[in-house]
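A.B. asks: My questions all concern the structure below.
The values are calculated or read from the model by the stated rules, or taken from the named source; none is laboratory data. If you're wondering where the values come from, they're calculated on a predicted model, not measured in any experiment. Glycine gets a Cβ as well: all are built from the backbone with ideal geometry, and neighbour counts include every protein chain shown. The area values use the complete protein model at the heavy-atom level, side chains included, leaving out ligands, DNA and RNA. Shrake-Rupley method; radii C 1.70, N 1.55, O 1.52, S 1.80 Å.
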Amino acid sequence: MLLKYCNSLFLFFFSFILMNQATCQTPYFPRGTSNVTISTTTGVRADLLKDIAPLIQKSISNGKYPGAVILISHRGHIIYRGIFGSRRILPHPAPMKLNTIFDLASLTKVIATTPAVMQLIEQGKLELDAPVEKYWPAFGEHGKNTVTLRELLTHTSGLPADIASPAKNETDVLHQITQLKLNHPAGTYYLYSDVNFVVLAHLVERISHQSFNVYAKNHIFKLLRMTNTTFLPNSRLKDRIAPTEIIHHQLRWGVVQDPLAYSMGGVSGNAGLFSTATDLGIYAQCLLDNGKLPARKNKQSGYLMGPLTVLKMTTPQTSSAFDRMRSLGWDIDSAYSDRGILFPLRSYGHTGWTGTSLWIDPVTQTWIVVLTSRRHAAISNNNQIVEDRRAISTIVAASITDTPVLGQSNTGQAELARAYPDATLPPIIKDHG
């Protein structure tokens with residue numbers, strides 16, 4: 001008991017020192033690992049990819065995040081593998097490794113929740129435009145009876161971003177959701193909401209009669225052989241896991257950082273998933289392969305989802321009246337998009353609050369995984385990782401030469417809104433060839 005108290009005290013004072021550094025001077029993170037492999041591949045100007053490492057190393061040395069794993073693929077070939085800095089600073093430093101496991105935070109929404117829902121839609125067990133109350137009658141209380149699955153997936157449901165009061169457990173969270181009222185009429189306003197995806201995961205449980213983590217394991221991760229992807233990671237994996245932040249004087253290490261998912265016991269539709277860069281690359285490649293599972297020796301590979309399901313999931317599903325473009329679950333063009341300025345609008349991706357991201361472009365057949373633990377060890381009050389991810393995407397897109405450009409557009413309304421914050425947006429001109 002005394003040892004546990006001393007460890008907690010050490011973490012508290014160490015984090016206090018780091019946070020003081022963040023306010024008084026540039027915090028310093030040790031350089032740790034610096035291991036970069038760039039493959040020479042047809043259709044890629046590999047010399048441009050050399051600009052990624054200095055960008056990441058600068059952010060690490062400036063204390064923006066302790067380390068990063070970057071994995072990039074083009075046309076089924078890994079073209080960039082970068083391992084930088086430290087996977088943890090507390091309770092003692094350890095170098096970053098390729099197999100480091102990260103708390104994915106909101107990447108859970110598109111790695112687990114969205115494909116689970118789309119699979120059940122394929123099977124006719126859920127309907128995209130059916131009201132949620134059809135599957136969960138209690139949800140329809142207090143004027144929520146018109147909210148559809150599509151509106152949950154595109155964050156246009158009108159539900160608040162979170163539940164207002166602290167929740168004790170999953171039962172309490174779900175009860176609070178039934179008592180919520182809409183902030184806006186369904187389908188009329190975009191508001192990114194964790195509540196949307198808690199509801200979606202609960203629908204998966206109600207329809208499949210399995211807990212959400214069991215469903216995701218059996219119907220997504222096992223099929224893809226994503227062996228390092230899981231909710232509630234085993235304690236034996238702790239040394240490989242990148243810790244996040246100190247909450248209530250305790251280091252979150254192998255336990256989900258997100259407060260709502262934590263209240264749900266670590267298994268939730270909005271957050272809670274842990275994974276590696278390699279596993280996320282397997283998932284991304286599956287989507288680029290139109291849902292086809294990786295080949296298995298002497299076995300038919302099958303499909304995670306059908307090609308048209310993947311197309312539906314990853315193409316625009318929001319009205320042009322909104323100031324951002326979303327597909328089902330995925331971000332296409334928003335204020336937080338990691339697309340950079342060169343990837344086509346056909347590309348899509350998502351981020352996680354802890355510092356994780358995945359961006360996928362079916363036009364160039366490219367995916368980019370960037371994993372950091374930006375909340376460890378001192379909480380930085382900047383979003384440098386957002387700028388770094390956009391810069392990486394632009395560098396990678398600029399390096400690609402074997403891609404069609406006629407008929408494509410790579411300028412979105414959200415990008416222009418950032419460029420002209422005080423002006424009326426100019427029209428987008430699309431080259432139709």
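A.B. asks: Given the condition in contact with a helix residue (DSSP H, G or I) (Cβ under 8 Å, 6 or more places away or on another chain), under 19 Å from LEU328 (Cα atoms) and surrounded by fewer than 23 Cβ atoms within 10 Å (Cβ to Cβ), answer yes or no: does some residue in the range 176-190 qualify?
C.D. replies: So the first thing to find is which residues in the range 176-190 are in contact with a helix residue (DSSP H, G or I) (Cβ under 8 Å, 6 or more places away or on another chain), and the list is 177-178, 180, 186-187.
If we keep only those that are under 19 Å from LEU328 (Cα atoms) too, we end up with 186-187.
Keeping just the survivors that are surrounded by fewer than 23 Cβ atoms within 10 Å (Cβ to Cβ) gives 186-187.
Yes, the range 176-190 has at least one match.
A.B. asks: Where the second residue is not in a strand (DSSP E or B) and the first is surrounded by fewer than 12 Cβ atoms within 10 Å (Cβ to Cβ) and lies in the range 297-320, which pairs have Cβ atoms under 6 Å and are six or more apart or on separate chains?
C.D. replies: Within 6 Å, the pairs are GLY302/LEU293.
A.B. asks: Tell me which of these SER59 doesn't satisfy, since it passes every other one: (1) open to solvent by less than 10 Å² (accessible area, probe 1.4 Å); (2) in a strand (DSSP E or B).
C.D. replies: (2)
Residue-by-condition table, conditions (1) at pLDDT 95 or above; (2) over 26 Å from ASP129 (Cα atoms); (3) open to solvent by 20 Å² or more (accessible area, probe 1.4 Å); (4) in a helix (DSSP H, G or I):
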site	(1), (2), (3), (4)
PHE197	yes, no, no, yes
HIS202	yes, no, yes, yes
ILE207	yes, no, yes, yes
TYR215	yes, no, no, yes
PHE221	yes, yes, no, yes
TRP253	yes, yes, yes, no
LEU260	yes, yes, no, yes
SER268	yes, no, no, no
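A.B. asks: Can I ask one more? Select from the range 291-307 the residues that are touching a helix residue (DSSP H, G or I) at 6+ places or on another chain (Cβ under 9 Å) and of a type outside the set (Lys, Arg) and list them in ascending order.
C.D. replies: Filtering the range 291-307 for residues touching a helix residue (DSSP H, G or I) at 6+ places or on another chain (Cβ under 9 Å) gives 291-294, 302-306.
Within the range 291-307, GLY291, LEU293, PRO294, GLY302, TYR303, LEU304, MET305, GLY306 qualify.
A.B. asks: Residue check, ASN218 against (1) within 27 Å of SER193 (Cβ to Cβ); (2) free of Cβ contacts under 8 Å to residues at least 40 places away in the same chain, all met but one. Which one?
C.D. replies: The failed condition is (1).
A.B. asks: Does SER275 satisfy being in contact (Cβ under 8 Å) with a residue 12 or more places away in the chain, more than 30 Å from SER165 (Cβ to Cβ) and surrounded by 24 or more Cβ atoms within 10 Å (Cβ to Cβ)?
C.D. replies: Details: in contact (Cβ under 8 Å) with a residue 12 or more places away in the chain: yes; more than 30 Å from SER165 (Cβ to Cβ): yes; surrounded by 24 or more Cβ atoms within 10 Å (Cβ to Cβ): yes.
In short, yes.
A.B. asks: Please find, within the range 325-342, the residue that is modelled with the highest pLDDT out of those that are under 29 Å from VAL256 (Cα atoms) and open to solvent by 30 Å² or more (accessible area, probe 1.4 Å).
C.D. replies: So, considering only residues that are under 29 Å from VAL256 (Cα atoms) and open to solvent by 30 Å² or more (accessible area, probe 1.4 Å), the one modelled with the highest pLDDT is MET325.
A.B. asks: So, GLU133, is that one without any contact (Cβ under 8 Å) to a residue 40 or more places away in the chain, open to solvent by 40 Å² or more (accessible area, probe 1.4 Å), charged (D, E, K, R) and not in a loop (DSSP other than H, G, I, E, B) or not? Explain how you work it out, then say what you get.
C.D. replies: Numbers: without any contact (Cβ under 8 Å) to a residue 40 or more places away in the chain: yes; open to solvent by 40 Å² or more (accessible area, probe 1.4 Å): yes; charged (D, E, K, R): yes; not in a loop (DSSP other than H, G, I, E, B): yes.
So GLU133 passes the test.
A.B. asks: State all residues of the range 33-65 that are aliphatic (A, V, I, L, M), in contact with a Lys or Arg (Cβ under 8 Å, 6 or more places away or on another chain) and modelled with pLDDT of 95 or more; if no residue qualifies, say none. Spell out how you get there, then give the answer.
C.D. replies: Going residue by residue through the range 33-65, those that are aliphatic (A, V, I, L, M) are 36, 38, 44, 46, 48-49, 52-53, 55-56, 60.
Next, from what is left, pick out any that are in contact with a Lys or Arg (Cβ under 8 Å, 6 or more places away or on another chain): 36, 38, 60.
Answer for the range 33-65, where residues must be aliphatic (A, V, I, L, M), in contact with a Lys or Arg (Cβ under 8 Å, 6 or more places away or on another chain) and modelled with pLDDT of 95 or more: VAL36, ILE38.
A.B. asks: I would also like to ask the following. Scan the range 281-296 and tell me whether some residue there is on the phi > 0 side of the Ramachandran plot and either buried (at least 19 other Cβ atoms within 10 Å of the Cβ) or of a type in the set (A, V, I, L, M, F, W, C) (or both). Let's see the steps before the verdict.
C.D. replies: So the first thing to find is which residues in the range 281-296 are on the phi > 0 side of the Ramachandran plot, and the list is 290-291.
Going one step further and asking which of them are either buried (at least 19 other Cβ atoms within 10 Å of the Cβ) or of a type in the set (A, V, I, L, M, F, W, C) (or both), we end up with 291.
Yes; the residues of the range 281-296 include at least one that is on the phi > 0 side of the Ramachandran plot and either buried (at least 19 other Cβ atoms within 10 Å of the Cβ) or of a type in the set (A, V, I, L, M, F, W, C) (or both).
A.B. asks: Limited to the range 145-156, what total is found for residues that are open to solvent by less than 20 Å² (accessible area, probe 1.4 Å) and touching a residue at least 40 places away in the same chain (Cβ under 8 Å)?
C.D. replies: Matching residues across the range 145-156 total 6.
A.B. asks: Do we have LEU90 as under 29 Å from PRO259 (Cβ atoms), more than 19 Å from the chain's Cα centre (by Cα) and open to solvent by less than 10 Å² (accessible area, probe 1.4 Å) here? Even if it seems obvious, please write down each step before you answer.
C.D. replies: Values: under 29 Å from PRO259 (Cβ atoms): yes; more than 19 Å from the chain's Cα centre (by Cα): yes; open to solvent by less than 10 Å² (accessible area, probe 1.4 Å): yes.
Yes: the conditions hold for LEU90.
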